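Data first, discussion second: the structure below is written as structure tokens.
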Amino acid sequence: MTTDAWRAAGRRPGGAGGTGAMVPAKVRLGAAMGVLVTVVAAVIVLPMVAADTDPGAVDYDTVLLPPGPGHLFGTDDGGRDVLIRVALGARVSLVVAVVCALVATVLGTLVGAVAGAAGGLVDAVAMRLVDGVNAVPHLLLGILIVALYRGSLLAVIASIALTHWTTVARIARAQVLSLRTRPYVDAAISGGASRWTVLTRHLLPAVLPQSALAATLLLPHAVWHETALSFLGLGMPPHLPSLGTMVSDSRDDVLLGAWWTIAAPAGVLVAVTLAVAGLAGWWRDRLVPRRRSELVL
Amino acid sequence: MLSATGLVAGYGKDRPVLNGVSLTLEPGRTIGVLGPSGCGKSTLIRVLALLHKPDAGQIHLDGEPVRRFRYAAPAELRRRIGVVFQHPRASVDPRHTLRRIVAAHLPAGAAPEETDRLAEQVGLTPDLLRRRPHEVSDGQLQRACLARALGSGPRYLLCDEMTAMLDASSAAALVHLIRTRRDLGVLMVSHDADLLDACCDQTLRWHELTSTPSEAVSHGRNRAPVAGMFRE
């Protein structure tokens, strides 16, 4: 991150529009970056540190130990270290969430932007496809896709990404529809620009900030969807713990008073979600030129 | 020669904004069209610039009949007609620097010096070329729009109330720039009679273009409302 970016963020009093909570933007940006760097580092380092021990091995001598010096996040009902399993679970969940959000955002943006820019029959076909996908409950459609390729990481990613691109497509189309009749698009056409040039040079760059925000919202949603699939026994395979499966598995432990088994994965999930949202807000500020200018005034 | 015969165009079949408009523009001549707000001047410019398909009528560009419009019109035809719109701020992409805006209509692979040459023609300094639209004045932005329109090497230049958003000195500077390009056929539409009289070889009143006066003019609905207020 550049020095200018820090300086610009520090001048903003708070909130995306400058009217939100009075937490300095630099502090919020630092906190978001701190959380993400910590989680990513933990996800990379902890499994390497614990490479000697089997994170899935059951030890009934250490069942449901509270957080302490030996086990910082305690142990679960199989005597397994929660910290190590959260690191492993976060790795899986982050991969699922990021890939799903990226695939859904890219697909949705392209379909929506092309439909909006082309209009006519292309627009009608694309939007009826969106309506068709939305007409079926996403979880049901996801289950159908997972059922075809059961017990695979790719199946879970496909089931979430292929059911969530429609929201982004609608946002992108609406934005393009409002932009394609602007005088600067007319000016580009007058200069000999093709439909593709107008799309890539003027329309898609204008849609990107909204798509980035949609991707941010998709990140936690993808994790929740993965949790729901896991709860139904259609999610990640058993040897791949995810934050979703950990939250699901720890329901019975909470009733026994072992709050840490659910607090650790849920806490990491919430922290990562907020951090990504904070970064997305900062990024949106940088993408909108007028706002960027206001930031450095 | 850019000529239009019996143009009928609008935004709904039942309510044409242009009703039988005919006009001829030759290279090297500057023609002004004077008409009140709402009479259809901007629609005429959009049709002549091949940006809006007319419901009826013919357009000939250098002897060739034009049958397709907007993206469907050949790029080479579109590039023969430059357009400067009324609102400079709405007619540029807010994400682009002035340098990119000025260079937008230059042929692919044009040298950066071409951009500098165009900018110099319209009086934009290198410092301004680094800025984005919200960092310059309307006058400076309209100069960039004029430079952009000239970038495609047009034979005809259509100016849609080009100076309406500008102060007198900026307007005079822009008009002077256009007057120096004697090779172009220029069509200026405006509701400012003094401006057109000062810079055009010939000034046509709106009703002179139409075989039957358009609804707005014939009903006097939008005719010189400010003058009307003074009369009262």
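The values are calculated or read from the model by the stated rules, or taken from the named source; none is laboratory data. What you are looking at is a predicted structure, and each value in this text was computed from that prediction instead of being measured. FYI the Cβ positions are ideal-geometry reconstructions off the backbone, even for glycines, and counts take in every protein chain you see. Heavy atoms of the whole protein, side chains included, go into the accessibility calculation; ligands, DNA and RNA do not. Shrake-Rupley method; radii C 1.70, N 1.55, O 1.52, S 1.80 Å.
Quick look at the numbers
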{"quantity": "Single match in A:V45, A:V39 (criterion: at pLDDT 80 or above, within 27 Å of A:P241 (Cα to Cα), of a type in the set (A, V, I, L, M, F, W, C) and open to solvent by less than 90 Å² (accessible area, probe 1.4 Å))", "calculated": "A:V39"}
{"quantity": "Candidate set: region A:120-139, residues that are in contact (Cβ under 8 Å) with a residue 24 or more places away in the chain and of a type outside the set (A, V, I, L, M, F, W, C); chosen: the one farthest from A:V207 (Cα to Cα)", "calculated": "A:H138"}
{"quantity": "Qualifying positions in region B:140-149 - open to solvent by 10 Å² or more (accessible area, probe 1.4 Å) and more than 11 Å from every other protein chain (Cβ to nearest Cβ)", "calculated": "B:Q140, B:R143"}
{"quantity": "Enumeration of residues in region B:89-105 that are of a type in the set (A, V, I, L, M, F, W, C) and within 8 Å of another protein chain (Cβ to nearest Cβ)", "calculated": "B:A90, B:V92, B:A104"}
{"quantity": "Extreme residue, nearest to A:L203 (Cα to Cα), among residues of region B:110-139 that are assigned to a loop (DSSP other than H, G, I, E, B) and within 14 Å of chain A (Cβ to nearest Cβ)", "calculated": "B:R132"}
{"quantity": "Residue count for region B:21-55, restricted to those that are crowded, with 22+ Cβ neighbours inside 10 Å, among the small types (G, A, S) and modelled with pLDDT under 90", "calculated": "2"}
{"quantity": "So A:G142, is it closer than 29 Å to A:A206 by Cα and part of a helix (DSSP H, G or I)", "calculated": "no"}
{"quantity": "Those residues of region B:104-139 which are open to solvent by 50 Å² or more (accessible area, probe 1.4 Å) and acidic (D, E), in sequence order", "calculated": "B:E113, B:E114, B:D116, B:E120, B:D127, B:E135"}
{"quantity": "Unmet requirement for B:Q86, which otherwise passes all of (1) within 14 Å of another protein chain (Cβ to nearest Cβ); (2) among the polar types (S, T, N, Q); (3) farther than 23 Å from B:D201 by Cβ", "calculated": "(3)"}
{"quantity": "Close pairs from region A:183-209: first at the interface with chain B (Cβ under 7 Å from one of its Cβ atoms) and touching a residue at least 60 places away in the same chain (Cβ under 8 Å), partner surrounded by fewer than 22 Cβ atoms within 10 Å (Cβ to Cβ) and part of a helix (DSSP H, G or I), Cβ under 6 Å, at least 6 apart", "calculated": "A:R195/B:Y71"}
{"quantity": "Residue in region A:233-253 that is assigned to a helix (DSSP H, G or I), more than 25 Å from A:L139 (Cα to Cα) and either within 14 Å of another protein chain (Cβ to nearest Cβ) or touching a residue at least 24 places away in the same chain (Cβ under 8 Å) (or both) present", "calculated": "yes"}
{"quantity": "From A:A212, A:A126, residue being more than 14 Å from chain B (Cβ to nearest Cβ), within 28 Å of B:R78 (Cβ to Cβ) and part of a helix (DSSP H, G or I)", "calculated": "A:A126"}
{"quantity": "Sole exception among (1) of a type in the set (A, V, I, L, M); (2) part of a helix (DSSP H, G or I); (3) open to solvent by 40 Å² or more (accessible area, probe 1.4 Å) for B:I101, by number", "calculated": "(3)"}
{"quantity": "A:V103 vs. criteria within 25 Å of A:V156 (Cβ to Cβ), assigned to a helix (DSSP H, G or I), at pLDDT 80 or above and open to solvent by less than 40 Å² (accessible area, probe 1.4 Å)", "calculated": "no"}
{"quantity": "Hits in region B:73-89 (condition: assigned to a loop (DSSP other than H, G, I, E, B) and either surrounded by fewer than 16 Cβ atoms within 10 Å (Cβ to Cβ) or in contact (Cβ under 8 Å) with a residue 24 or more places away in the chain (or both))", "calculated": "B:P74, B:R79, B:R80, B:F85, B:Q86, B:H87, B:P88, B:R89"}
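To keep it simple, each residue is scored yes or no on (1) under 20 Å from B:L51 (Cβ atoms); (2) open to solvent by less than 20 Å² (accessible area, probe 1.4 Å); (3) not aromatic (F, W, Y).
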residue: B:E161; (1), (2), (3): yes, yes, yes
residue: B:A164; (1), (2), (3): yes, no, yes
residue: B:A171; (1), (2), (3): no, yes, yes
residue: B:A198; (1), (2), (3): no, no, yes
residue: B:Q202; (1), (2), (3): no, no, yes
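Residues checked against (1) open to solvent by 20 Å² or more (accessible area, probe 1.4 Å); (2) not charged (D, E, K, R):
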site	(1), (2)
A:R173	yes, no
A:L179	no, yes
A:P183	yes, yes
A:S190	no, yes
A:S194	yes, yes
A:T197	yes, yes
A:R201	yes, no
A:A214	no, yes
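Yes or no, residue by residue, for (1) open to solvent by 20 Å² or more (accessible area, probe 1.4 Å); (2) over 23 Å from A:A228 (Cα atoms); (3) under 22 Å from the mean Cα position of the chain (by Cα):
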residue	(1), (2), (3)
A:T75	no, yes, no
A:V99	yes, no, yes
A:T109	no, yes, yes
A:A115	no, yes, no
A:V125	yes, yes, no
A:L140	yes, no, yes
A:I145	yes, no, yes
